[in-house]
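These notes are about the structure you will find just below.
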Amino acid sequence: MMKTKQIVTLLVALTALHPFVMNAQKEFTLEDLNFGGKNYSNMQPENRFLTWWGDELVRLDMDKCAIVDKTTGKETHLFSLKDVSSLTQSDEHNRMRHLYNAEFPYPGESIVKLKNGKELMLVDWKNKQLIAKYNRDRVQAEDWNPASKAFAFVRENNLFVANADGETQQITYDGSREIVYAQSVHRNEFGINKGTFWSPDGTKLAFYRMDQSMVTDYPQVNIFARSAEYCPDKYPMAGETSHKVTVGIYDIANKKVVYLKAGDPTDRYFTNIAWSPDNKTVYMFELNRDQNDCRLVSYDAETGNKTAEIYREQHPKYVEPQNPIVFLPWDNSKFLFQSQKDGFNHLYIFDTKKGNYKQLTSGQWVVMDVIGFNKKTKSVIIASNEYNTIQRNLYAVSTKNMKRTLLDNGRGYHSAVTSTSGEWAYDKYSEPDVPRNIDVLNTATAKKTQLLCAADPWKGYNVPEYSCGSIKAADGTTDLYYRMVKPVGFDSSKKYPTVIYVYGGPHAHQVDARWHYCSRSWETYMAQKGYLLFILDNRGSENRGREFEQATFRQLGQIEMQDQMKGVEFLQSLPYVDKDRMGVHGWSFGGFMTITLMTNHPEVFKVGVAGGPVIDWKWYEVMYGERYMDTPQTNPEGYAKCSLLGKAKDLQGKLQIITGYNDNTVVPQHCLSFLAECIKAGTQPDFFAYPGEEHNMRGHSSVHLHERITQYFEDYLK
């Protein structure tokens, strides 16, 4: 047996010959990088869960809540999980397991709102008292109002309202899969993400009623039953019959419902519902089916009668309301609305007394979000990309003189939440080389206190180089931004296989000034395996103004393809990109773009993986599809031009198509129809389906999915 001294001498010698033995970097696995992975949470930058209690900042933790001093960051204990759990009167099965979802609805009062799997509770931690408890077992949607303490919820597609004493009133009785109450309608388009809207005082509830009995069923199947079961979805396809939506108002005092008298709901969209501060008026944006004529209309909440058409906006292509009006907290006669009427999304102030409006923000940049209001300075707190096209920065905009004041550091990508008064905000942000920081901002002075500077959770790993740049679009003038991820251990004298990751569709972007330029973790995994990754935001994507987005109108995939090919030209000019080993991958709209690129440019793309791809827009849903393509009846040339069915014969490279077997967004008819055309043409794509999965793979299935995608490129591109 070798003596210890000899072993040490040998190790020292080996280390001298190979210094990397002591400095070896760790390799990533998909369990580290993929959101469904077992080690994913440990690879994310450190975070803080925060909320506001009036103007007091509260840190939420697993087992305790603490007040955070806004100028020093010092924390003072407020209460523990044990303290409040003992007051909830919940059984062991329903006990509170954490405090991450705690809310503090009443400034100055020691009341916290808590939720477990089956209950919503109001607990007074200081006076050790349970204030109210609501049953939320098996609810499909829910909405609690702090003013009246009323709790609206949906069960089996019917609407109920409970009060703080536990008394429950059933509001509707004919709910079913065909008559749906108080849930999101119009397939979550037009900024819709819920179906109930409380008046400020909580005494009245506006809600959606969707009649989809006339909509065609798409035949989804549950294969996990002993004998497979028919589980249809209501899916209105472009050019086909759509559902009809009406809006009801429930009055808690008289327990009656009136419906807004908006006229025939056929082929109309009702969206962005809002209330007046005096609880008397309901506002709603109404859009025709062509989506080129938008009207803001007001209704009397007591009678449902239409009172006025306040504002109208038209455009030859489309108008797209995404945000409800918001009244100024210091002036009940004025409200904000957002519009792209000047070519970029900006804020306007409408004066209800005078019946006119003025523009509050302007410029060749977009307002990305209205975050809140500082009532003392009478300013609006917004997020915009004014400072830099790929950034998101925070500004205070004075409603008196329209002056904008930058509140953050002028770098990165910021998301903030304001306090009740709006005088404070906590700001979570990252930069290309900053994983996560959290600051507390004074929205009047822009003074900041840093609460967190997260360490790099990837320290010690083989991390590729992330870079960002721009090229010109196919029009020769428009700047397009890209992200490049170079292989780990990059050597400019070598040639690397290159994968273009593409999305390309509206209401999304891939490149911004977040950590690693917003790189997807799979790109890091591929770079570790020796690939170069390239991601380009083509015309048609978001946050660049109306003309940039609407360039693709009535011909989806065409302008996008031209711009992506400009990216290919750029890549082919680089000495380290192997022109003979180029692949492409994308999901959803990106799956559509993947097959579009592979079949239109088979000489370029050797390998592709298309996930959940749209194949023909006539099979996509009414609201999204018709906004960008009109109907198959009015735009037959456009639908024919964009369809990939006729391109099946042009497939030359290796293509894998992947879908969720129960995809209710891009229904399986797309993939299967393309396969049928490939059979006729004699082309040979590969195909894989995930049983029980919808449009995106959930949980650990996502790890399996990305292993499969990776292996396909390993098998055919390397």
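The values are calculated or read from the model by the stated rules, or taken from the named source; none is laboratory data. Because the structure is predicted, anything quoted here is derived from the model rather than measured. Every residue, glycine as well, gets a Cβ built from its backbone with ideal geometry; the counts of neighbours run over all protein chains shown. Side chains included, ligands, DNA and RNA excluded: accessible areas come from the protein's heavy atoms. Shrake-Rupley method; radii C 1.70, N 1.55, O 1.52, S 1.80 Å.
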Yes or no: segment 359-374 includes at least one residue that is free of Cβ contacts under 8 Å to residues at least 60 places away in the same chain and touching a Pro at 6+ places or on another chain (Cβ under 8 Å). yes
Search segment 409-420 for residues that are closer than 12 Å to TRP52 by Cα and at pLDDT 95 or above and pair each with any residue that is open to solvent by 60 Å² or more (accessible area, probe 1.4 Å) and in a loop (DSSP other than H, G, I, E, B) when their beta-carbon atoms are under 8 Å apart and the residues are at least 6 apart or on different chains. THR420/PRO107
Can you name the residue in segment 221-230 that is in contact (Cβ under 8 Å) with a residue 12 or more places away in the chain and out of contact with any Cys (no Cβ under 6 Å at 6 or more places or on another chain) and, of all such residues, is nearest to GLU621 (Cα to Cα)? VAL221
Test for LYS400: is it closer than 20 Å to PHE337 by Cα, in a loop (DSSP other than H, G, I, E, B) and over 22 Å from the mean Cα position of the chain (by Cα): yes
For segment 411-437, name all the residues that are under 21 Å from PRO146 (Cα atoms) and among the polar types (S, T, N, Q). THR418, SER419, THR420, SER421
Residue check for ARG209: modelled with pLDDT of 95 or more, more than 30 Å from SER86 (Cα to Cα), open to solvent by 50 Å² or more (accessible area, probe 1.4 Å) and in contact with an Asp or Glu (Cβ under 7 Å, 6 or more places away or on another chain): no
Filter segment 303-320 down to residues that are in contact with a Phe, Trp or Tyr (Cβ under 8 Å, 6 or more places away or on another chain), over 22 Å from ASN356 (Cα atoms) and either free of Cβ contacts under 8 Å to residues at least 60 places away in the same chain or open to solvent by 30 Å² or more (accessible area, probe 1.4 Å) (or both), then give me how many there are. 3
Assess whether PRO632 counts as being touching a residue at least 12 places away in the same chain (Cβ under 8 Å), surrounded by fewer than 23 Cβ atoms within 10 Å (Cβ to Cβ), more than 30 Å from the chain's Cα centre (by Cα) and in a loop (DSSP other than H, G, I, E, B). no
Quick check on segment 556-586: of everything there that is polar (S, T, N, Q) and surrounded by fewer than 19 Cβ atoms within 10 Å (Cβ to Cβ), which residue is farthest from PHE490 (Cα to Cα)? GLN558
Quick check: anything in segment 123-140 open to solvent by less than 30 Å² (accessible area, probe 1.4 Å), in contact with a helix residue (DSSP H, G or I) (Cβ under 9 Å, 6 or more places away or on another chain) and modelled with pLDDT under 95? no
From the options TRP515, TRP522, residue that is within 22 Å of ASN393 (Cβ to Cβ), among the aromatic types (Phe, Trp, Tyr) and either open to solvent by 40 Å² or more (accessible area, probe 1.4 Å) or at pLDDT 95 or above (or both): TRP515
Identify all residues within segment 274-305 that are aliphatic (A, V, I, L, M) and either farther than 18 Å from SER242 by Cα or in contact with a Leu (Cβ under 6 Å, 6 or more places away or on another chain) (or both); write none if there are none. ALA274, VAL282, MET284, LEU296, VAL297, ALA301
Of the residues in segment 446-473, those that are open to solvent by 40 Å² or more (accessible area, probe 1.4 Å) and more than 14 Å from ASP427 (Cβ to Cβ) come to ALA455, ASP456, LYS459, VAL463, GLU465, CYS468, SER470, LYS472
Please enumerate the residues belonging to segment 321-332 that are surrounded by 16 or more Cβ atoms within 10 Å (Cβ to Cβ) and within 20 Å of LYS354 (Cα to Cα). ILE325, VAL326, PHE327, LEU328
Looking at segment 589-610, which of its residues are open to solvent by 10 Å² or more (accessible area, probe 1.4 Å) and either assigned to a helix (DSSP H, G or I) or of a type in the set (A, V, I, L, M) (or both)? ASN600, VAL604
From SER333, SER415, SER362, grab the single residue that is outside any strand (DSSP E or B) and hydroxyl-bearing (Ser, Thr, Tyr). SER362
Would you confirm whether or not segment 431-447 contains a residue that is under 30 Å from LYS376 (Cβ atoms), basic (Lys, Arg) and over 24 Å from the mean Cα position of the chain (by Cα)? yes
Quick count over segment 433-457, residues being out of contact with any Phe, Trp or Tyr (no Cβ under 8 Å at 6 or more places or on another chain) and of a type outside the set (Gly, Ala, Ser), is 9
Please determine whether any residue of segment 420-442 is of a type in the set (D, E, K, R), open to solvent by 50 Å² or more (accessible area, probe 1.4 Å) and within 20 Å of GLU542 (Cα to Cα). no
Does segment 173-193 hold any residues that are touching a residue at least 60 places away in the same chain (Cβ under 8 Å) and either part of a loop (DSSP other than H, G, I, E, B) or in contact with an Asp or Glu (Cβ under 8 Å, 6 or more places away or on another chain) (or both), and which are they? VAL185, ARG187, GLU189, PHE190, GLY191, ILE192
Tell me which residues, restricted to segment 524-568, are more than 19 Å from THR599 (Cβ to Cβ) and of a type in the set (Asp, Glu). ASP537, GLU542, GLU547, GLU549
Enumeration of residues in segment 230-251 that are among the hydroxyl-bearing types (Ser, Thr, Tyr), out of contact with any helix residue (DSSP H, G or I) (no Cβ under 8 Å at 6 or more places or on another chain) and open to solvent by less than 50 Å² (accessible area, probe 1.4 Å): TYR235, THR246, TYR250
Scanning for something in a strand (DSSP E or B) and either touching a residue at least 60 places away in the same chain (Cβ under 8 Å) or over 30 Å from ALA610 (Cα atoms) (or both), does segment 523-535 turn up at least one residue? no
(1) crowded, with 20+ Cβ neighbours inside 10 Å; (2) under 24 Å from PHE548 (Cβ atoms); (3) out of contact with any helix residue (DSSP H, G or I) (no Cβ under 8 Å at 6 or more places or on another chain); (4) not small (Gly, Ala, Ser): which one isn't true of PHE335, the others all being true? (2)
Please work out which residue is surrounded by the most Cβ atoms within 10 Å (Cβ to Cβ), limiting yourself to segment 88-107 and to residues that are outside any loop (DSSP other than H, G, I, E, B) and either β-branched (Val, Ile, Thr) or at pLDDT below 95 (or both). THR88
Exception for ALA640 within (1) open to solvent by less than 20 Å² (accessible area, probe 1.4 Å); (2) among the hydrophobic types (A, V, I, L, M, F, W, C); (3) in a helix (DSSP H, G or I) falls at (1)
